Amino acid sequence: MKILRVISRIITGAVFVFSGTVKAIDPLGSTYKFSDYFTAFGLDFMQPLCLPLAFLLCLAEFITGFSLLTGIKYKAGVMGATVLMSIFTPLTLILAITNPVSDCGCFGDAIKLTNWQTFWKNVVLMTLVIILIFDKNKPLEYIRSLPGWLVIFSVSIIFMGFTGYNLKYLPIIDFLPYKKGNNIKELMEIPEGAPAPVYKTTFIYEKNGIRKEFTLDNFPADDTTWKFIDQKSVLVKKGYEPPIHGFSLVTADNRDITDMVLNNSNFTLLMISPKLEKAKPERLNKGFQTGHKCMTYGIDFYILTASSSDKIKDYDSNLQFCLVDEITLKTMVRSNPGYIMLRNGTITGKWSWANLPEDIENLIKTNN
């Protein structure tokens, strides 16, 4: 029984530490996930809380796991695990049944689980937490020279600083497909023989005022007494989806320049702003200035955004804007604005607004 309690404590603590850490590495990703859930459940009024909740959740998970693993404020750690699992176990059951968002985001983009996988993972964790609740033996503290709350407070401050650093300067570990060194063209390719998506197609016909659905096998192709009304296609089984999909660059004047940019043997700097109106003006202006410098050095510069054409007109008209899907932009870089340097479709550099080099010559040298 003692071994079971120790195993339960280690597994639960390790899962919480890992979950909190991967969320802290990509706090903006967790912010987007909160936003997706609030939108799915009609809670758009809570959108301003997305970033604070992302910080709070990753801190709560990490400190809970830290407490369980080290034995420091162990009872508080068990209480924290109990509260978190009591909230998320029934919540993930609802998500698994309704499926408003395909990926729960419990392990960020490091490990993607379906909603049902997440629910059963939580069932196992809840079982382990119950074992800890009834365990009356407090484990040995690994740090006994300092008061427990001082250790917890200090670790919390360090952890929040770590989270803030990743928010400002981009995640220290990039779990996304648009990471430095990846080739966008290669990651967009579908391998030969890869499984294709399977759809079930039904045809709706009408006869004598009565509508009936038919399949491809039995629809009345030769019976003119039936009148065709509509056709429906439902995805039955997903096919192979390349790591990068939906990457398309279309200029404001409706020109598709995707291939031109990906096949450019020279450097291309992409300034990425999912919504221009949500970025701070001084950060945008720094990017615009960089764009003008790039053009003097013969470097192609494009601003990728999901803002409307009317919004784009409010900004620097001497620069080239491209309309791109918002989800794609948020996947490319966790910053508004953020920057990606390309050469022959390969990502040679990636920065947030905070660490983009101001010296263009240095920018080129660091990417050679």
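Taken together, the values in this text are just the output of simple stated rules run on the coordinates, not laboratory data. Nothing here was measured: the structure is a model prediction, and the numbers come from that model. For neighbour counting, all protein chains shown are included, and Cβ atoms are generated from backbone atoms with ideal geometry for every residue, glycine included.
What helices in the chain pass both tests, a Cα length along the helix axis of 24 Å or more and a mean Kyte hydropathy of 0.5 or higher, using whole DSSP H runs?
Span-like helices, by this rule, are 2-25, 50-70, 74-98, 115-133, 148-169.
Identify, among Q117, P100, G13, the residue whose Cα sits farthest towards the positive end of the charge dipole of the stretch 2-169, taking +1 on the Cβ of Lys and Arg and -1 on the Cβ of Asp and Glu, with the dipole about the Cα centre.
Value computed over the given set: G13.
Take the chain, connect every pair of alpha-carbon atoms lying under 10 Å apart with a spring to form a Gaussian network, then pick out the residue of T268, T328, T127 with the largest mean-square fluctuation.
Sorting by GNM fluctuation, first place goes to T127.
In the chain, which longest range has no GluC sites (Glu not before Pro) that are both DSSP loop (not H, G, I, E or B) and surrounded by at most 13 other Cβ atoms within 10 Å?
Counting at most 13 other Cβ atoms within 10 Å as exposed, the longest clean stretch of the chain is 1-188.
Using a 10 angstrom Cβ neighbour count of at most 11 plus a DSSP loop assignment to flag exposed chymotrypsin sites (Phe, Trp or Tyr not before Pro), which longest range of the chain is free of such sites?
Details: sites that count: F134, Y142, Y240.
That gives 1-133 as the longest site-free run.
Before anything else, pin down the relative contact order of the stretch 250-365: Cα pairs under 8 Å, at least 6 apart, normalised by residue count, whole percent.
Contact order relative to length: 34 percent.
Which ordering of I72, I172, I184 is given by a fewest-first count of other beta-carbon atoms within 10 Å?
Placing the least packed residue first, the sequence is I172, I184, I72.
Once label points are set 7 Å from the Cα along Cα→Cβ at both K2 and T127, what is their separation, rounded to one decimal in nm?
2.4
Indicate, rounded to the nearest 5 percent, the antiparallel portion of the DSSP beta bridges found entirely in the stretch 182-330.
Around 65 percent antiparallel, to the nearest 5.
Picking from N263, Y199, L356, whose Cα lies most toward the positive end of the charge dipole for the chain (charges on Cβ: Lys, Arg +1; Asp, Glu -1)?
About the Cα centre, the residue reaching furthest to the positive side is L356.
Could you give the size of the charge dipole of the chain about its Cα centre, using +1 on the Cβ of each K and R and -1 on the Cβ of each D and E, expressed in debye and rounded to the nearest 20?
Values: 38 positive and 33 negative charges, 333 e Å.
Dipole about the Cα centre, nearest 20: 1600 debye.
I'd like the antiparallel share, as a percent to the nearest 5, of DSSP beta bridges with both residues in the chain. Please list the in-between numbers first.
Working: 30 of 40 bridges.
If we restrict to bridges inside the chain, about 75 percent are antiparallel.
For the stretch 198-237, what size does the Cα cloud have along each of its three principal axes, sorted from largest down, in whole Å?
Over the stretch 198-237, Cα extents along the principal axes are 35, 18, 10 Å.
In a Gaussian network model over the chain where Cα atoms closer than 10 Å are linked, find which of I25, I340, I111 has the largest mean-square fluctuation.
I111
For Cα pairs less than 8 Å apart in space and 6+ apart in sequence, what is the mean separation divided by the residue count of the chain, i.e. the relative contact order in percent?
About 15 percent, as a whole number.
What whole-number distance in Å separates the alpha-carbon centres of the stretch 258-319 and the stretch 163-231?
Cα centroid to Cα centroid, the span is 31 Å.
Can you tell me the Rg and Dmax of the stretch 250-365, counting just the alpha carbons, in angstroms?
Final numbers for Rg and Dmax: 12.9, 37 Å.
Which shape class applies to the chain: rounded if a/c is under 1.5, otherwise prolate when a/b exceeds b/c and oblate if not, where a ≥ b ≥ c are the square roots of the Cα gyration tensor eigenvalues? Each step should come with its number before you reach the end.
Numbers: a/c = 2.32, a/b = 1.17, b/c = 1.99.
Taking the square roots of the gyration eigenvalues as a ≥ b ≥ c, the chain is oblate.
Mind putting a number on the dipole of the stretch 2-169 about its Cα centre? Charges go on the C-beta only, +1 for Lys and Arg and -1 for Asp and Glu, and I need it in Debye to the nearest 20.
Dipole of the stretch 2-169, to the nearest 20 debye: 700 debye.
Report the semi-axes of the equivalent ellipsoid for the stretch 1-63 in whole Å, largest first, where each axis is √(5λ) for an eigenvalue λ of the Cα gyration tensor. Mind showing how you got there, number by number?
Details: eigenvalues 184, 30, 13 Å².
Semi-axes, largest first: 30, 12, 8 Å.
Run the simple label-point estimate for E241 and L113 please: 7 Å along Cα→C-beta, distance reported in nm.
About 1.9 nm, to one decimal.
Which shape class applies to the stretch 2-169: rounded if a/c is under 1.5, otherwise prolate when a/b exceeds b/c and oblate if not, where a ≥ b ≥ c are the square roots of the Cα gyration tensor eigenvalues?
oblate
What distance in nm lies between label points placed 7 Å from Cα along the C-beta direction at K185 and S317?
For the pair K185/S317, the computed spacing is 3.6 nm.
Using Cβ counts within 10 Å as a stand-in for footprinting exposure, how do M79, M341 rank, fewest first?
M79, M341
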